[in-house]
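The values are calculated or read from the model by the stated rules, or taken from the named source; none is laboratory data. Values in this document were obtained by computation on a predicted structure and should not be read as measured data. Reconstructed Cβ throughout: ideal geometry from the backbone, glycine too, with neighbour counts over all protein chains shown. Each accessible area value is taken on the protein alone, full model and side chains, heavy atoms only, with ligands, DNA and RNA left out. Shrake-Rupley method; radii C 1.70, N 1.55, O 1.52, S 1.80 Å.
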Amino acid sequence: MINREIQLTAQIVGTPTLDHFTVATTEVDGEVVMRTDQVGLAATYLELMRVDCTLPVPSWQPGQRVGVAAIGTVVRSDSPELAVGDLVQSMTGWSEYSAGPAAQYTKLDPIADPGYYLGQGPTAYYGMADVAGVGEGDVVFVSGAAGGVGSLAGQIAKCLGAARVIGSAGSPAKVDYLVNELGYDAAFDYHDGSAADRLRELAPEGISVFFDVVGGEQYQAALQAARTGARFALCGSLSSQLGDAAERFPEPDHAAARARGIELLPFSCYHTPDQIVAWREHFSTWLGEGRFVYPQTVVKGEVEDVPQAFLSLLQGSYRGNVSVRLS
């Protein structure tokens, strides 16, 4: 099967550009062949493309296909487990086709929008439910709340019983989106004055949980606004994602946190099957009860359009979970 895929031309130092990607023609063959219908995008992928990747998984090398989550249709199968026409999910990345052993593909229930399977729900659910342990009465602050993880994390906190959920975003339109569409109790534009002042205004009694995907000034603001014994689930540092490794993942201010009795709880975005199942079960229930909105942006295009969509994601051009539907 002739295939076109996106490969890395050089590992990234500094700001990523289209020159870091190329469209390569390959052949694929295996027990199962999948035609890719939709691929997921996540800011985390940038770290895997860097020359100084800090994640505990192998980084992508020049000449290697990039991307992770993909959904597609089986077009050939020598396995009794999968039939032609089955909807499947794989971790085969940005390509028109993929092939491999049947175990590499997970059969999915056909649903109205298969893009649901490409979201960053496992990260949001694990971080909010298991790491931060959100429950009744918590006052929660989510940074980067209009992104793929944050747009789910705030809703999860509400479903788990949080008394108040506050989010930050990068524009008035996104602030309106958080409050009027995703059910946040309050939100603010982090460009609009001091984040610490806004948190004091919106959470006068302090926050008990901080779900952080941004770092930087908003982390410092959360420290000032935190109650004694607050839990900080640290997911990322997007505010400094274009620096070197030390700047992208700055060391949290342990001394200030200890002085306030704050728990710093960093966690990985690499998930176990049990964590993925837990998310899907809760998501299905909450969605069926009408308590949850799945926020997503679907970009339509060819496989060669995926790198530009990825760069646009990094620039904050989209809301919610982002995927590309291949035409």
Ranked output for segments 317-324, 218-225 by mean other Cβ atoms within 10 Å, highest leading, reads 317-324, 218-225
By accessible area (1.4 Å), largest first, His282, His271 order as His282, His271
Pseudo-spin-label distance Thr25 to Glu281, built 7 Å along Cα→Cβ, given in nm, is 4.9 nm
In whole Hz, the Karplus estimates of ³J(HN,Hα) for the range 282-290 (6.51, -1.76, 1.60; θ = phi - 60°; x where Gly or Pro) are 5, 4, 4, 5, 5, 5, x, 7, x
Computed for the range 1-82: size of charge dipole around the Cα centre, +1 on C-beta of each Lys and Arg, -1 on C-beta of each Asp and Glu, debye to nearest 20, value 200 debye
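Around Ile262, with a cut-off of 11 angstrom between Cβ atoms, what is the net charge of the other residues, counting Lys and Arg +1 and Asp and Glu -1? Walk me through the numbers on the way to the answer.
Working: positive: Arg227, Arg231, Arg258, Arg260; negative: Asp253, Glu263.
Here the count lands on +2.
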In the chain, taking the dipole from +1 charges on Lys and Arg beta carbons and -1 charges on Asp and Glu beta carbons about the Cα centre, the listed residue (Gln64, Gln296, Gly135) farthest towards the positive end is Gly135
Within the under-12-Å Cβ sphere about Gly119, not counting Gly119, Lys/Arg +1 and Asp/Glu -1 give a net charge of 0
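Run the helix sum for the chain: -39,500 (n - 2.57) per DSSP H stretch of 4+ residues, divided by residue count, reported at 222 nm to the nearest 500 deg cm²/dmol. Please list the in-between numbers first.
Working: 10 runs with 82 residues, N = 327.
Taken over the chain, the calculation gives -7000 deg cm²/dmol.
Any chance you could run the full-extension gain for Glu304 through Leu108? It's 0.36 nm times the residue separation minus the Cα-Cα distance, nm to one decimal.
Details: separation 196, 0.36 × 196 = 70.56 nm, distance 2.61 nm.
Difference between extended and current length: 67.9 nm.
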For the chain, the accessible surface attributable to carbon and sulfur atoms (probe 1.4 angstrom, ligands and nucleic acids excluded) amounts in percent to 51 percent
Expressed in nanometres to one decimal, the distance between label points 7 Å along Cα→Cβ at Ser268 and Val84 is 4.0 nm
Going residue by residue through the range 192-204, the Karplus relation 6.51 cos²θ - 1.76 cosθ + 1.60 with θ = phi - 60° gives ³J(HN,Hα) values, rounded to whole Hz and with x marking Gly or Pro, of 9, x, 6, 5, 5, 5, 5, 5, 4, 6, 8, 9, x
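Go through Lys158, Lys300 and list them by solvent-accessible area, largest first, probe radius 1.4 Å. Spell out each step's value before the answer.
Values: Lys158 65, Lys300 160 Å².
Per-residue accessible area, sorted high to low, gives Lys300, Lys158.
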Partner lysines whose C-alpha sits under 26 Å from that of Lys300, ignoring same-chain residues fewer than 8 away, are Lys107, Lys174
